[in-house]
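To start, the structure itself, in structure tokens.
The values are calculated or read from the model by the stated rules, or taken from the named source; none is laboratory data. Computed from a predicted model, the values in this text were never measured in an experiment. Cβ placement follows ideal geometry from the backbone for every residue including glycine, while neighbour counts extend to all protein chains displayed. To get the accessible areas, we keep the full protein, side chains included, count just its heavy atoms, and leave off ligands, DNA and RNA. Shrake-Rupley method; radii C 1.70, N 1.55, O 1.52, S 1.80 Å.
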Amino acid sequence: MIILFHFKQFDLRTALSYLRAQYGRDVLPVGLITRESTGNPRELDDSFLGIARMSPHRRRFYRSCIDELGEQYKQEGLTLLTSDLSTRDVVRENMDSPCHIWVHTSPGSEETSFLDHLAETLPSHAELRLLPATTMLAEDELPMSIDKIPATFSGFRKRVEKRGYEQYRFTREQFNFPRAHSRGRERLDYYLWQSHRILTYKQTRNGLGGGDYASRLSKWLAVGAISGAEVVAAIRRFEAEVAANESTYWLLFELLWRDYFHYLHRKIGDLLFFPRGMKELRSPGLRDTARWKLPRLATTIEMYPMDHQTLTRYWQRFLDWAGGTTTQPLINAIMCELFATGEISNRARLCAASALIYDLGVPWWWGAQWFEYCLLDYDVSSNWGNWAYAAGVGADSRPERRFNIEHQTRQHDPDGVYRNWVAAQGWENPELPLPPDPPI
Ligand SMILES: Cc1cc2nc3c(=O)[nH]c(=O)nc-3n(C[C@H](O)[C@H](O)[C@H](O)COP(=O)(O)OP(=O)(O)OC[C@H]3O[C@@H](n4cnc5c(N)ncnc54)[C@H](O)[C@@H]3O)c2cc1C
């Protein structure tokens, strides 16, 4: 028996394509949604900031993806088992003959330790097997091994591009699902074929809001509802059949960032969560990344203790930032949109991160934790990788990535269109799920 355990990846077809390549076209997997499907056990707890690890928005989004998944199973004539029990208990109770349990994984240590634990506790007739990541480039076609992933994005990109994109597998024929429907694919279709907005991506991608400034594919990529390879195959087809320009290339370029953070995380492990991040590697004698495999939240508190006064000061500034009550109107609008919707643009994220780290002086990992709570497209490698990058402790040769918020406002929201739009939604002065005093 073949079981597809959906662990934060709620799409049948990407995995089914892979299984058909392994077992043949007639494979009939049973889908499995369990208590842990929307997050590993630690994610069900609070973070060290005293907040849940996942916002109600993200939970609802996952729920809607699971509903869509149910439809996909129905369309394919397959069974999706849904249970509130733990994965181990469902397997023990329902599967008494030999089975292969296929699951997507991610480089996150919590995800990995959950799967390790699962593998150890499953009955002997059940074997856990890993599906490949939903990256654009598969690990076996990277031009370097994981331990040689370059320390900067441009180093990675140059090596990848030297080989030529046409050499990578995503250009080859994929399995076809004629009845396939998903909101992620709808968005891809819209952005490329219906609106042709991809043709101006490079000019509009720095927009603050407004729907079509960028592809808006990230939340679908985060839940596996489309894969990076599928997006690139679509871009390639669009370039061949409609037009190719700098913008079509640029979307591919940005997708490569996602792959980069994924593979970098595989290389550096939990170092991604450390306050001094990759800078720790520059300390003599500390080059062995295995040394950094420590429980991430515990280490950030224990390694960087603060006196109560400092903590209280930081906490107040953090509350102002998260709740949109700083002295910077652009940041306030961004943070209100984030809390209300779980979705903000890349430009907004860069400004918000810079304001927290450099203008308010608050530890960057508090911001990363808040984004983890809020973002619908939360992806462990991209989120923590981008935050570390913004803080100057990540995959960057520059010491810091600071933005002048007044300048950003003049450049990206000169007439206040974005700020007025947020104000008109009634998202200001939100009630945050955060205590008034530091919970640590
Ligand atoms: C502080 C901070 C935190 C972030 N956290 C996340 C996160 O948790 N999840 C996430 O998917 N992205 C994250 N990003 C990256 C980026 O902001 C989003 O991927 C992008 O805004 C999503 O919108 P889009 O799909 O319209 O992107 P587009 O501009 O249309 O780009 C297409 C795709 O390329 C990938 N991509 C683009 N830029 C980046 C980048 N800098 N890093 C990694 N991938 C990228 C995404 O998969 C995106 O969907 C973060 C950026 C910052 C600065």
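Could you say which residue among Arg317, Arg347 is touching a residue at least 12 places away in the same chain (Cβ under 8 Å), open to solvent by 10 Å² or more (accessible area, probe 1.4 Å), within 11 Å of the ligand (Cβ to nearest atom) and not in a loop (DSSP other than H, G, I, E, B)? Before you say what the answer is, go through the steps one by one.
Numbers: Arg317 fails: within 11 Å of the ligand (Cβ to nearest atom).
Matching residue, one of Arg317, Arg347: Arg347.
Residues that are assigned to a helix (DSSP H, G or I) and either open to solvent by 70 Å² or more (accessible area, probe 1.4 Å) or free of Cβ contacts under 8 Å to residues at least 60 places away in the same chain (or both) within the stretch 65-85 comprise Asp67, Gly70, Glu71, Lys74, listed in sequence order. Among the numbered conditions (1) more than 30 Å from Pro435 (Cα to Cα); (2) at pLDDT below 95; (3) not in a helix (DSSP H, G or I), the only one that Gly39 does not meet is (1).
Yes or no: Ser124 open to solvent by less than 60 Å² (accessible area, probe 1.4 Å) and among the hydroxyl-bearing types (Ser, Thr, Tyr)? Write out each step before concluding.
Numbers: open to solvent by less than 60 Å² (accessible area, probe 1.4 Å): no; among the hydroxyl-bearing types (Ser, Thr, Tyr): yes.
Criteria not met by Ser124.
Whether a residue is closer than 21 Å to Phe273 by Cα, open to solvent by 40 Å² or more (accessible area, probe 1.4 Å), among the aliphatic types (A, V, I, L, M) and within 9 Å of the ligand (Cβ to nearest atom) was assessed, and Leu375 does not pass this test. Residues being in a loop (DSSP other than H, G, I, E, B) and open to solvent by 40 Å² or more (accessible area, probe 1.4 Å) are represented in the stretch 44-57 by at least one member.
What about Gly361, is it surrounded by fewer than 24 Cβ atoms within 10 Å (Cβ to Cβ) and free of Cβ contacts under 8 Å to residues at least 60 places away in the same chain? Step through it out loud before you land on a result.
Values: surrounded by fewer than 24 Cβ atoms within 10 Å (Cβ to Cβ): yes; free of Cβ contacts under 8 Å to residues at least 60 places away in the same chain: yes.
So Gly361 passes the test.
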